[in-house]
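The values are calculated or read from the model by the stated rules, or taken from the named source; none is laboratory data. Computed from a predicted model, the values in this text were never measured in an experiment. Backbone-built Cβ (ideal geometry, glycine too); neighbour counts: all protein chains shown. Keep in mind that these areas ignore ligands, DNA and RNA; they rest on the heavy atoms of the full protein, side chains included. Shrake-Rupley method; radii C 1.70, N 1.55, O 1.52, S 1.80 Å.
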Amino acid sequence: MKFTIVERKTKISDDLRDYAMKKVEKLDRYFNADSESILTFSELKGQQTVELTVKQGALVVRAEETTTDMFASVDGAINRIERQIRKNKTRLEKRLRQGAFEKLASHAAELEEPYEVIRHKHFEVEAMSVEEAILQMNLLDHHFFFFKNADAGDRYSVLYKRASGGYGLIESD
């Protein structure tokens, strides 16, 4: 597994770096050798956040943990990744490393919830500018809005409200 460590608005100690890498190496039993893990450390208003993203081909597993201690945040992010993997064990068995779940047989597996589409919604997608889409989203009091972006050559786009404030835009190719 390849490691990338990113420090945003903070510097981490060598002890923390070694601790995090040692913890992430435990995930090697699930992923192939060509997988990549990105550990992002950040601090905001005394809250220390660790974001862990593991990529293996098209499969991306991500977890984020925020506490007052960076070591606890690392542990929390690793635990979340392992919970996600255990929860979706049967769906992931074909994508992950051979024998990845043999050690989990002794652990009590979490119940896997079936994927269920609760509601289907159909509507006509209209071409509009990003500003018009923000206005429409706010008028509907939604957290996201799907539209055809007239500013980008009628490509389909999703506009969403960010938790940290402002808006995000996802565009198709």
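Results, tabulated for the structure shown:
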| quantity | calculated |
| --- | --- |
| Candidate set: the stretch 75-89, residues that are in contact (Cβ under 8 Å) with a residue 40 or more places away in the chain and under 14 Å from Y19 (Cβ atoms); chosen: the one most open to solvent (accessible area, probe 1.4 Å) | D75 |
| Which numbered condition A108 fails, given (1) at pLDDT below 65; (2) open to solvent by less than 80 Å² (accessible area, probe 1.4 Å); (3) small (G, A, S) | (2) |
| Residue match in the stretch 148-156 (condition: at pLDDT below 75 and either surrounded by 10 or more Cβ atoms within 10 Å (Cβ to Cβ) or more than 29 Å from L59 (Cα to Cα) (or both)) | no |
| Residues (at pLDDT 85 or above, acidic (D, E) and open to solvent by less than 80 Å² (accessible area, probe 1.4 Å)) located in the stretch 22-74 | E36, E43, E51, E64, E65, D69 |
| Neighbours by Cβ (under 9 Å, 6+ apart or cross-chain): first from the stretch 129-157, assigned to a helix (DSSP H, G or I); second among the β-branched types (V, I, T) | A150/V130; D151/V130; A152/V130 |
| All positions within the stretch 1-23 that are among the hydroxyl-bearing types (S, T, Y) and either more than 13 Å from D69 (Cβ to Cβ) or assigned to a loop (DSSP other than H, G, I, E, B) (or both) | T4, T10, S13 |
